[in-house]
Amino acid sequence: MLDQDPALPPARTLLPDRLREGLGEWWPRLRPWVYAAVGTALIVAIGIALRRSLRMVRYHDIMAAVSATPDPAIAAAIVATLASYAALTEYDASALRHVGAKVARPTVLLTSFVAYALSNTIGLGPLSGGAVRMRLYAAAGIEPALVARVIAFNTAAFSLGMLVFGAFGLLWGGTAIAPLLHVPAWLPRVSALLMLAALAGFLWLCARRRVLAFGLLGRAWSMRLPTLREALRQLVISACELGASGLALWFLLPHGDLALPTFMCVYAVAVTASLISHVPGGVGVFEAVMLLAAGTGVPHDTMLGALLLYRGVYYVLPLVLAAGVLVTYELRSGVAAPVGRLAVHQSPRLMAALALVAGVWLIVSGVTPFTEDARDVLAAFHVPLPIIEASHLLGSIAGLGLLLVARGLLHQLDAAWWAALVLSIVAGVLALPKGIALNEAVLLLTLALLLVISRRQFDRRSSLFDQHLEPEWLMALGGVLAAAAWILFFAYREVAYSSHLWWQFELDGQAPRSLRALMGVALAAGAFGLWQLMRPPAGELAEASPGDLERAGRIALAHSSSDACYVLMGDKHLLFSASGRSFLMYGKQGRSWVSLFGPFGDAHEFADLVWQFIELASDHGGRAAFYQVRPTDLPLYLDCGLHVLKLGEHAHVRLPEFSLKGGKRANLRSGVNRGEREGLTFDVVDPPGVAAWLPTLREISDAWLAEQRGREKGYSVGRFDADYLQRLPIALVRRGDEVLAFANLLATDAKEEASIDLMRYRPGAPPGTMDFLFAKIMLHLQAAGYERFGLGMSPMAGMAERRKAPRWQRLGRLLYDYGDRYYNFRGLHSFKDKFEPVWEARYLASAGGLTPVLVLADVATLIGGGVKGVLAK
């Protein structure tokens, strides 16, 4: 795993210092654009070459090649596919051993199969294998940092396997492939020897050291190497996996057309090109390279027919099987293991991917002609022409509908489930009069069946029209339509275009029928895209009304967490669930929409409320984030594709076990005894009686602020506000009739947790007054039956100290150790630690990149009440 190592000396490179520093600063920003430029250039170059290669290929010849493929060849391809995916599971097993994580074998098999089935077909954003691994391995007890290392190991292992696979392919079939690639005969073998030399050097490093340190772009990096045994084992796994996946395609080709050594060499080149392009599934790129590299060895129509079958066998079939595997967990009502429960929750990802595949299939089917056998069947049964025409058009529009609702399925929308179910059933039925498309009907009805079985996972009550498609989704939709248009002109290249085609209705008028279907899809997609881009934001951002604040207050006081009481401050916006039983409080600063603590109320509505908040922020052009969330709630945010960063640790004291007795409590007991000798007394004033004390409390607060040279804060830090203070009990420390200190108690009716927010004391109060206040509050809450007392978060506490810790945690550790000039990190932690609390991590959930830094800067502004408040105390 590659990581920058701060412990290593500055890297020595041949670049001038200024250039090196510039590259080190700008490369992370330029890297996505460089990769995108390389991928785009590759796609354009291959597209031009592909256009030339397909000049003499006819659509009907491709379909004839598909039909001529014998059943034993298809069966052999399926067996090879299963062998390939079985080998892929060993990638995960090796990665887990490398990072020292122990996971049950069934969990590894389930996770890796679902992850690879999803990533091979789609592989973007939340529809990636990494998202599945993060969820299921985390449920198995693996830390997120280790899961990230597993994902990195898999990527590196696959790259290493491709190196070896390509090298041996060039050695084995380099002589035959050189003329096809128009290169000298010696070049493939020399390239293979260089690749093997690099492999030998890597294996030598694995045998000699465990960490490799090197300089790159002006920075020092380190990579933890596998042992020699692990590296050799991984090479064997990669050889088996890539060999089996290649055989799955080779079995579909007519025997004798392309020798196995030459084919494997061509296959390695095609897989490498598809990976560089970053196109989902390598669609188009893989096929183009196979055609170009195979040259005249295999007729182009035969190769394209085999590639179409290969897409179905190696990509679509495992995706359907993975969805079926997860659905079996849904049928097992007694599933109680965490991995089993979370496996069920992954089914919306698979349903979304299947909907995308089915949608593309329907659109492509709509722009291509049906076979002669299908025509004869339709004619024999005298199917009315209007039904054929209508099924063709409606089936294509249903494909567009499935592409649009796929995002809703991913977000577990109830409305998206109903729409996908209706569309899949209708399109499956229409597949018969459309052209006796039996395979299409089987896929659609399978999707409908899987949707019915996984019904419980789609419980978010939200309108499909409320979701806002991101530009990426709209661009992907445009790409599908462009590809469909290209396929239309390819399939009917022999038909001369005429305006009369639009009005030609007859059984043999397949080109006009496909043309009308594409136009119908294009018009529907264009109308939807314009509506998405031009519709106004979903509502204006308004302050919380007194009625909303009262409703949220009732929910907060009934909740188990005292954090919910921060809503009573009245300085945050509110978002309620559709039922009104749950709410989420948030602040807005700049483009940052930051939820404090996450949702409260009915736990069944939390996932929907989190999605609503993310979509609301997106509709307004903002970035959604969740501040100070608990570890138990992390799945809510990981499922939304957010990243989590540790902020620090929250302390709480178990009140049933709390006591002032014993040696460990000597200092605290001494503070209480000193306070009692000073004549200090403790009282709790219930909310109805707080108003009478407000003038005195205001006096103490103003004096405290003046002494501290500070100003009132907000958001996650309490401020003196009369309305806020009158909603909760107040704890007082008095000496005679004089009030020396006070704190408001955040306590709920559930009596599970209580804490304090606003704490102020009068200048000149006896030393130890606040210790006296804390101890008396805990004893008071203990007597009242509360389970725990929250001491608040200690920022940057509990950060990992290891060299291989994530950069964020290393930075947090530096701030904690040396940042006392700006914030009393260590002093705050030491004060809370003397109560011997239980420490629990708190996290920030947000998008990746620079977003967390921008969000935290905006959070500081929210707390300070503006930029001036950030600079002041």
Could you sort 133, 493, 311 by their accessible area in this structure, using a 1.4 Å probe and putting the largest first?
493, 311, 133
The percentage of the accessible area of the stretch 594-673 (probe 1.4 Å, all protein chains present) made up of carbon and sulfur atoms, to the nearest whole number, is 52
Specify, per residue and in Å³, the volume enclosed by the convex hull of the alpha carbon atoms belonging to the stretch 361-424.
86
Of 102/832; 713/834; 751/776; 661/834, which sit over 24 Å apart, Cα to Cα?
102/832; 713/834
For the stretch 573-626, take the alpha-carbon Rg, divide it by the Kirkwood Rh, and send me Rg/Rh.
0.95
Could you tell me whether the stretch 497-629 comes out rounded, prolate or oblate from its Cα gyration tensor? Rule is a ≥ b ≥ c as square roots of the eigenvalues, rounded for a/c under 1.5, then prolate if a/b exceeds b/c, otherwise oblate.
prolate
Compute from the Cα atoms of the stretch 561-675 the Rg and the Dmax, the latter being the longest Cα-Cα distance, and quote both in angstrom.
18.6, 58
Using a 1.4 Å probe on the protein heavy atoms only, what accessible surface does residue 831 show? Give it in Å² to the nearest 10.
60
Given a 1.4 Å probe and the protein chains all in place, what does the accessible area of residue 63 round to, in Å² to the nearest 10?
60
Tell me, how many Å apart are the Cα centres for the stretch 61-90 and for the stretch 614-642?
42
Distant alpha-carbon pairs in the stretch 639-709 (separation over 14 angstrom), percent
81
Alpha carbons only, please: Rg and Dmax for the stretch 663-804, in angstrom.
16.2, 58
So what does residue 620 come to for accessible area, using a 1.4 Å probe and Å² rounded to 10?
60
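The values are calculated or read from the model by the stated rules, or taken from the named source; none is laboratory data. Keep in mind that this is a model prediction, so the values were computed, not measured. In case anyone asks, the SASA skips ligands and DNA or RNA and just uses the protein heavy atoms, side chains included. Shrake-Rupley method; radii C 1.70, N 1.55, O 1.52, S 1.80 Å.
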